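Q: Have a look at this one.
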Amino acid sequence: MKLGLQIPSFAFPGGTPAIAPTLARIVRTADDAGFDSIWVMDHFFQIRSVGPTTDPMLEGWTTLGFLAANSQRARLGLLVGGVHYRYPGLWVKAATTLDVLSGGRAWLGIGAAWNEQESRALGFPFPPLGQRFEMLEETLEIAHAMFEGERGTEGEFHGRQFHATRLLNSPQSLSRPRVPIMIGGGGERKTLRLVAQYADACNVFGQPSGIARKYAILREHCQAVGRPYQEIERSTLQFLNISSDGRNGTETPSRIADRLGELGDAGAQHIVVSVRDVFDTDKLELIGRELIPQLKAA
């Protein structure tokens, strides 16, 4: 089982001047501890499930470049990007740039998006959901074409949402056959169908029974499009509040290992965790010392 770290908040002690050094310390510690991946959200305002709207929030791709400079082995990505924030060519160029500069460690995480509040506030167009799904599918089609061969393709693309005349991608990604694509969301009719058709991984939320259902539906979509289900990495996002002794409402590494093991039994292969008070990097060291070895041995 793989273990990833999501960093959803930058409200670190010390305020804005402390964001960069604290984030660098978090990333270096997680990388050294053995996390397989490190992720940030693709938001411009903090989301309600994490903190107040006015809490600090960094732009995602810029932050991933900073993460790449402060790590050596973990893969890096957005969990997940909002499709309407960028045109398809920019999505692919940003992912390729991160992949090249990180030595082949990028993910292209993307989804249909949901946060209308921040889009309206900052002036981003926020199309209806059906249109955003069209944008998502066409972006995925363009991504596959741009990741082809040594420099993408010479052909044109004409869709309902996007038009492109030359899908050049130079330099090409180090990750082959492409920067792996993760689609976030558990929509059973559209999202999981797009995973089956275009993606290398999915990310869904929920308890073991819920994610098992999503994975079963993904398997059905794979059968419908003729895609081997085993080609798709199944991931889920979870929350951890860890301590060595389990006091004050926290969980011990052994208890967390049992809980994550239940997710593994439900089909999860890559569990991405958001760690409470992640700026306390002793928690990441504890995970590396006691939790990750248990997950790798399971």
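Q: How far, in degrees from 0 to 90, does helix 16-33 lean away from the longest principal axis of the Cα atoms of the chain, to the nearest 10?
A: Once rounded, the angle reads 80 degrees.
Q: For the chain, what relative contact order do you get, as a whole percent, if you take Cα pairs closer than 8 Å and at least 6 residues apart?
A: Values: 567 pairs, mean separation 56.3, N = 298.
With pairs under 8 Å counted, the relative contact order is 19 percent.
Q: Starting from the Cα of residue 72, step 7 Å toward the Cβ, then list every residue of the range 19-43 with an amide N under 18 Å from that point.
A: 24-38
Q: In percent, what relative contact order does the range 81-184 have, based on Cα pairs under 8 Å that are 6 or more apart in sequence? If you can, show how the numbers build up before the last one.
A: Working: 162 pairs, mean separation 37.4, N = 104.
Worked out over the range 81-184, it gives 36 percent.
Q: Could you size up the charge dipole of the range 81-184 around its Cα centre, putting +1 on the beta carbon of Lys and Arg and -1 on that of Asp and Glu, and report it in debye to the nearest 20?
A: Working: 10 positive and 11 negative charges, 50 e Å.
Dipole of the range 81-184, to the nearest 20 debye: 240 debye.
Q: Quick check: the distance between the Cα centres of the range 25-69 and the range 138-202, to the nearest angstrom?
A: 24 Å
Q: Helix 208-225: angle to the longest alpha-carbon principal axis of the chain, degrees 0 to 90, nearest 10?
A: That helix lies at roughly 20 degrees to the long axis.
Q: Find the relative contact order for the range 106-166 and round it to a whole percent, using C-alpha pairs within less than 8 Å whose residues are 6+ positions apart. Please report the intermediate quantities before stating the final value.
A: On the way: 37 pairs, mean separation 14.3, N = 61.
RCO, the range 106-166: 23 percent.
Q: Evaluate the charge dipole of the range 215-275 about its Cα centre and quote only its size in Debye, nearest 20, assuming +1 on the Cβ of each Lys and Arg and -1 on the Cβ of each Asp and Glu.
A: Values: 6 positive and 8 negative charges, 17 e Å.
The calculated dipole for the range 215-275 is roughly 80 debye.
Q: Can you flag which of 93/190; 2/283; 2/190; 190/283 are past 28 Å Cα-Cα? Write out the running numbers ahead of the final one.
A: Working: 93/190 25 Å; 2/283 18 Å; 2/190 26 Å; 190/283 38 Å.
With Cα atoms farther than 28 Å apart: 190/283.
Q: Under a plain spin-label model, where a point goes 7 Å from the Cα along Cα-to-Cβ, how far apart in nm are residue 265 and residue 289?
A: Here the modelled spin labels are 2.9 nm apart.
Q: Okay, next question. Spin-label point model (7 Å from Cα, Cβ direction): what's the residue 231 to residue 213 distance in nm?
A: About 2.8 nm separates the two model spin labels.
Q: Assign one of three labels to the range 192-276, namely rounded, prolate or oblate, based on the Cα gyration tensor with a ≥ b ≥ c the square roots of its eigenvalues; rounded applies when a/c is under 1.5, prolate when it is not and a/b is larger than b/c, and oblate otherwise.
A: prolate
Q: Out of 173, 10, 145, whose Cα points farthest toward the positive end of the dipole of the chain (charges: +1 Lys, Arg; -1 Asp, Glu; placed on Cβ)?
A: 145
Q: Putting +1 on Lys and Arg Cβ atoms and -1 on Asp and Glu Cβ atoms, find which of 229, 96, 35 reaches farthest to the positive end of the dipole of the chain.
A: Result: 229.
Q: While we're here: Treating only the Cβ atoms of Lys and Arg (+1) and Asp and Glu (-1) as charged, compute the dipole magnitude of the chain about its Cα centre; round to the nearest 20 debye. Walk me through the intermediate numbers first.
A: Values: 31 positive and 32 negative charges, 40 e Å.
That gives the chain a dipole magnitude of about 200 debye.
Q: Residue by residue, what Karplus-based ³J(HN,Hα) values in Hz, rounded to whole numbers, does the range 154-169 have, using 6.51, -1.76 and 1.60 with θ = phi - 60° and x for Gly and Pro?
A: 8, x, 8, 10, 10, x, 6, 9, 9, 9, 9, 9, 7, 8, 7, 9
Q: If you take Cα extents along the principal axes in Å from the coordinates, which of (1) 62, 49, 37; (2) 64, 54, 39; (3) 59, 45, 36 do you get?
A: Evaluating Cα extents along the principal axes in Å on these atoms matches (3).
No value in this document is a laboratory result; all are computed from the given coordinates. Since we're looking at a predicted model, the values are computed, not measured. Methodologically, a virtual Cβ is constructed for each residue, glycine included, from the backbone with ideal geometry; neighbour enumeration extends over all protein chains shown.
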